[in-house]
Structures are given as structure tokens and as C-alpha cells.
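Novice: There's a structure below that I have some questions on.
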Amino acid sequence: MQDRLAGKRQTRFVACEPAACPTLTKGRFAYDFGDTGETTPLFPMYTIGHTFVPAPVHAGGLRYHGDAPSLSLLVKHGHMEAKAYTQNPVFEAAVQFARTQGIVAGPEPAHAIRAVIDEAAEARESGKEKVILFNLSGHGHFDMQAYDDYLAGRLPEVEFRQADVDAALKQLPPVPVPG
């Protein structure tokens with residue numbers, strides 16, 4: 001990223017998130033609280049509102065209403081893209097990864113695995129050679145029930161409801177964001 005920011009490279013960066021809690025892809029860049037109790041300072045971030053209650057999807061740590069200010073600024077200024085995925089395609093990718101690499105990934109990094117598989121398939125179909133690097137940040141040893149639910153066909157597809165996001169965004173603090 002440092003080389004991209006310095007204009008030395010045009011590396012493409014993609015942040016992945018669950019479609020049930022789409023802070024980067026459907027949220028707003030605004031000042032918001034880091035917690036529902038409104039006890040933290042306000043942070044400039046992409047947010048879907050601190051009062052938003054996400055669906056109980058298996059994407060655990062990705063079910064937060066906002067994103068880090070640094071990540072949010074990278075997306076806001078076009079240095080990073082964002083993609084959202086529903087949980088069944090994410091678990092499909094995680095199972096494929098486990099079968100080929102022998103690593104059971106957690107649901108959070110499995111979103112990146114889904115993106116990597118999609119990028120590789122697109123490169124193969126277009127005939128373009130691509131170097132794809134991703135960060136595997138956690139194992140899925142505590143997520144076996146989620147894998148069992150997926151493999152047994154019990155994992156529901158959950159997407160956010162725009163009305164819930166709209167209601168939560170109305171609760172944002174009235175603090176202007178500088179251009």
C-alpha cells in the first residue's frame with residue numbers, strides 16, 4: 001500500500017465483508033461511535049450506524065457496524081475496493097480451500113478466500129496472468145458448527161435490510177465530515 005500511495009505501483013487491494021453487514025459497500029463515511037452505548041469518541045469511518053443490529057451470520061468479527069478509520073479512508077479515496085459476499089458462497093470457498101490446502105479457515109478470512117477464487121477464475125477465463133496474495137488471518141477450529149450447518153444445507157442466506165440501515169444511519173451524530 002505504501003508503494004501505491006507513493007505512486008510507485010498500481011497494486012489492487014480488495015477488502016471483503018459479509019453482505020449481511022455491508023459497512024464498506026453499503027455504508028456511509030461519517031463520524032460515528034465505536035459502540036452502541038455511545039461511550040467512545042467519534043471516529044471517521046464507513047458505518048451502517050452504531051444502532052444497527054446485524055443478523056447472526058457466521059462472519060463473527062465482521063459483524064461490526066463500522067470499519068477502522070485507516071481502512072475507511074483507503075476505500076473512500078479509491079486506494080482499496082470493497083466486495084460483499086453472502087455466507088454460503090463464502091463457506092463453499094472455505095471448504096474448497098480446506099480440501100486443497102488442508103487448512104480450515106475461519107468465516108472471517110473465508111470472505112477473502114471467496115474473493116481470491118473469484119479473481120483466479122476471472123484471470124483464467126480472460127487469459128490474464130495475475131499474482132494474487134491474501135491474508136489468512138484465522139483458523140476455523142471454533143467454527144465447526146457453522147461448517148456442519150453449511151455442509152448439511154442448514155446455513156441460511158442472510159442479507160441486510162436497507163430499511164434497518166436507513167434507520168440506523170438516521171441515528172448518526174450530526175457531525176460534518178470535511179471534504
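The values are calculated or read from the model by the stated rules, or taken from the named source; none is laboratory data. Computed from a predicted structure; not experimentally measured. Here the Cβ is made from the backbone with ideal geometry for all residues, glycine too, and neighbour counts use every protein chain on show.
Novice: Scan region 23-44 and give yes if some residue there is touching a helix residue (DSSP H, G or I) at 6+ places or on another chain (Cβ under 7 Å) and assigned to a loop (DSSP other than H, G, I, E, B), otherwise no.
Specialist: Checked region 23-44: no residue is touching a helix residue (DSSP H, G or I) at 6+ places or on another chain (Cβ under 7 Å) and assigned to a loop (DSSP other than H, G, I, E, B).
Novice: Taking region 11-26, which residues are at pLDDT 95 or above and under 14 Å from ASP164 (Cα atoms)?
Specialist: Across region 11-26, there are no qualifying residues.
Novice: If I ask for residues that are buried (at least 21 other Cβ atoms within 10 Å of the Cβ) and not acidic (Asp, Glu), which ones from region 8-21 would you list?
Specialist: Those that are buried (at least 21 other Cβ atoms within 10 Å of the Cβ) and not acidic (Asp, Glu): ALA15, CYS16, PRO18, ALA19, ALA20, CYS21.
Novice: Within the set of pairs 6 or more residues apart or between chains, which connect a residue that is under 20 Å from GLU92 (Cα atoms) inside region 117-133 to a residue that is among the hydrophobic types (A, V, I, L, M, F, W, C) and not in a helix (DSSP H, G or I) with Cβ atoms less than 8 Å apart?
Specialist: From residues that are under 20 Å from GLU92 (Cα atoms), the pairs are GLU119/VAL14; GLU119/ILE132; ALA120/ILE132; ALA123/ILE132.
Novice: Only one of ALA55, ALA68 is within 14 Å of the chain's Cα centre (by Cα) and surrounded by fewer than 22 Cβ atoms within 10 Å (Cβ to Cβ); which?
Specialist: ALA68
Novice: Let me ask another. Please specify each residue of region 146-177 satisfying the condition of being in contact with a His (Cβ under 9 Å, 6 or more places away or on another chain) and among the aliphatic types (A, V, I, L, M).
Specialist: ALA146, LEU155, ALA168, LEU172 - these are the residues of region 146-177 that are in contact with a His (Cβ under 9 Å, 6 or more places away or on another chain) and among the aliphatic types (A, V, I, L, M).
Novice: If you don't mind, another one. Return yes or no: is ASP166 without any contact (Cβ under 8 Å) to a residue 24 or more places away in the chain, acidic (Asp, Glu) and closer than 25 Å to LEU73 by Cα?
Specialist: The answer is yes for ASP166.
Novice: Checking SER126 against (1) in contact with a helix residue (DSSP H, G or I) (Cβ under 9 Å, 6 or more places away or on another chain); (2) modelled with pLDDT of 95 or more, only one condition comes out false. Which one?
Specialist: Against the list (1) in contact with a helix residue (DSSP H, G or I) (Cβ under 9 Å, 6 or more places away or on another chain); (2) modelled with pLDDT of 95 or more, SER126 comes up short only on (1).
Novice: Check GLN96, GLN87 and return the single one that is in contact with a helix residue (DSSP H, G or I) (Cβ under 9 Å, 6 or more places away or on another chain), farther than 30 Å from VAL177 by Cβ and modelled with pLDDT under 95.
Specialist: Only one candidate qualifies: GLN87.
Novice: I'm told GLU159 meets every condition in (1) farther than 23 Å from THR47 by Cβ; (2) modelled with pLDDT under 90 except one. Can you identify the failing condition by its number?
Specialist: Among (1) farther than 23 Å from THR47 by Cβ; (2) modelled with pLDDT under 90, GLU159 violates only (1).
Novice: Which of the following residues is touching a residue at least 24 places away in the same chain (Cβ under 8 Å), farther than 30 Å from ASP148 by Cβ, of a type in the set (Ser, Thr, Tyr) and out of contact with any His (no Cβ under 7 Å at 6 or more places or on another chain): THR51, THR47, THR39, THR86?
Specialist: Of THR51, THR47, THR39, THR86, the one residue that is touching a residue at least 24 places away in the same chain (Cβ under 8 Å), farther than 30 Å from ASP148 by Cβ, of a type in the set (Ser, Thr, Tyr) and out of contact with any His (no Cβ under 7 Å at 6 or more places or on another chain) is THR51.
Residue by residue, here is whether (1) at pLDDT 95 or above; (2) under 15 Å from the mean Cα position of the chain (by Cα); (3) surrounded by fewer than 15 Cβ atoms within 10 Å (Cβ to Cβ); (4) of a type in the set (S, T, N, Q) holds:
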residue: TYR31; (1), (2), (3), (4): yes, no, no, no
residue: GLY34; (1), (2), (3), (4): no, no, no, no
residue: THR40; (1), (2), (3), (4): no, no, yes, yes
residue: HIS50; (1), (2), (3), (4): no, no, no, no
